[in-house]
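Engineer: This is the structure I have questions about; it appears just below.
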Amino acid sequence: MALGTQLAELAIDIAREAGELARRRRSEGVEIAATKSALADIVTEADREVEDLIRSRLSVERPDDGFLGEESGAERGTGDVTWVVDPIDGTVNYAYGIPSYAVSIAAVIGEPTPAEWEAVAAVVFNPASGELYRATRGEGAWLGENTRLVVNSETSPAGALLATGFGYDPATHAGDLARVARVMPLARDLRRAGAASLDLAFVAAGRLDGYFERGLQPWDHAAGALLVTEAGGIVGGAGEGGTASSTLTVASGAPLFDRLLEAALDG
Ligand code: IPD
Ligand code: CA
């Protein structure tokens, strides 16, 4: 079996187990364990427990691989593969009981930094809805068993259905809102659903026409970006060589991409 397929199968298995743990903990009641970069940037005990589960499963199954996770940090492996993991993307939704959060797992090859890695397998699983999105490099992106994902490449005179997100640090809000103002002439409407991995999965599924956000961390976009590119879309931003980065991440079908990127870039 090809490496990407093997890694995707393992990621699906672990994401389902991790998602079930997150869902169970949510139903038992969630407590905020700490705040991180800003008061609004929270972590729950479940985020940590779910990442521990994913990390320990991977270390048993693939002991030579590296790991880069939101809650427990980075460790280089001795081989080429690194797992990039957000145990619960959409933690604020999770804490408030909004059923829009996801386990996001990507396997990447190369230096463990987005401008230099190549993602080979990705899973985004929303345990509240049961929707599991997966992609393997060169083999397409899928929702569940059988639904092949294709980005929307039609443009409408009414404009594009776009999504974005905002940073936790209040000092970044004015810049984020100015970006929204620049992008709105392209939009028929704008969503802020609260989980970047699901926003990217929705672009892959054609449920959104495009997505843009400043301030993403590698684990927020690693898996979702492969879903979009395997669904025929483009992911880029303001990183080295136009790659997705914390300065800017943009995703859409080809006809919209350049206009969306230009509008979203800091003026
Ligand atoms: C956040 C979500 C949110 C995005 C933030 C991310 P987290 O991830 O993806 O939609 O706007 O930039 O930090 O903190 O819930 O894992
Ligand atoms: Ca998270």
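We did not get these values from a lab; they are worked out from the coordinates using the rules stated. Fair warning: this is a prediction, and the values are worked out from it, not measured in the lab. Note that we place each Cβ from the backbone using ideal geometry, even for glycine, and neighbour counts take in every protein chain shown.
Engineer: Treat every Asp and Glu Cβ in segment 160-265 as -1 and every Lys and Arg Cβ as +1, leave all other atoms uncharged, and give the resulting dipole magnitude about the Cα centre to the nearest 20 debye.
Structural biologist: Details: 8 positive and 11 negative charges, 57 e Å.
Its charge dipole is roughly 280 debye.
Engineer: Here's something else I'd like to know. With a 10 Å Cβ neighbour count serving as the proxy for reagent exposure, in which order, fewest first, do GLU28, GLU70 appear?
Structural biologist: Fewest-to-most Cβ neighbours within 10 Å comes out as GLU28, GLU70.
Engineer: When the Cα centres of segment 108-181 and segment 215-267 are compared, how far apart do they sit, in Å?
Structural biologist: Result: 8 Å between the Cα centres.
Engineer: Summing -39500 (n - 2.57) over the DSSP H runs of n ≥ 4 in the chain and dividing by its residue number, what mean residue ellipticity at 222 nm do you reach, to the nearest 500 deg cm²/dmol? Write out the running numbers ahead of the final one.
Structural biologist: On the way: 7 runs with 93 residues, N = 267.
Calculated at 222 nm, the ellipticity per residue is -11000 deg cm²/dmol.
Engineer: Further question on the same structure: Which value in Å does the Kirkwood hydrodynamic radius of the chain take, with 1/r averaged over all unlike C-alpha pairs and then inverted?
Structural biologist: This gives a value of 18.2 Å.
Engineer: In addition: Calculate the radius of gyration of the Cα atoms of segment 3-148 to one decimal place, then report Dmax, the largest Cα-Cα distance, as a whole number, both in Å.
Structural biologist: 14.9, 41
Engineer: In whole percent, what relative contact order does the chain give with Cα contacts below 8 Å and a gap of six or more residues? Kindly include the intermediate steps, with their values, before the conclusion.
Structural biologist: Numbers: 648 pairs, mean separation 45.5, N = 267.
Rounded, it is 17 percent for the chain.
Engineer: So, with +1 on the Cβ of K and R and -1 on the Cβ of D and E, and no other charges, what is the size of the charge dipole of the chain about its Cα centre, to the nearest 20 debye?
Structural biologist: 740 debye
Engineer: Continuing with the same structure: Which Cα, out of ILE12, LEU39, LEU68, lies furthest along the positive dipole direction of segment 3-94 (beta carbon charges, K/R +1, D/E -1)?
Structural biologist: Highest projection toward the positive end goes to LEU39.
Engineer: What ranking of LEU10, LEU256, LEU227 emerges when the number of other C-beta atoms within 10 Å of each C-beta is taken as an exposure proxy, fewest first?
Structural biologist: Sorted ascending by nearby Cβ count, the order is LEU10, LEU256, LEU227.
Engineer: At q = 0.12 Å⁻¹, what log₁₀ I(q)/I(0) does segment 124-233 have when each alpha carbon counts as one equal point scatterer in the Debye sum?
Structural biologist: Relative scattering, expressed as log10 I(q)/I(0), comes to -0.42.
Engineer: Considering only ALA160, TYR133, PRO112, whose Cα is most displaced toward the positive end of the charge dipole of segment 91-228, charges sitting on Cβ of Lys, Arg (+1) and Asp, Glu (-1)?
Structural biologist: Most positive-ward Cα: ALA160.
Engineer: Sort VAL30, VAL151, VAL85 so the one with the fewest other Cβ atoms within 10 Å of its own Cβ comes first.
Structural biologist: Listed from fewest to most nearby Cβ atoms, that is VAL30, VAL151, VAL85.
Engineer: Using the Cα centre of segment 3-148 as the reference point, and only Cβ charges (+1 on K/R, -1 on D/E), how large is the resulting charge dipole? Debye, rounded to the nearest 20. Working shown, then result.
Structural biologist: Numbers: 14 positive and 27 negative charges, 71 e Å.
Here segment 3-148 has a charge dipole of around 340 debye.
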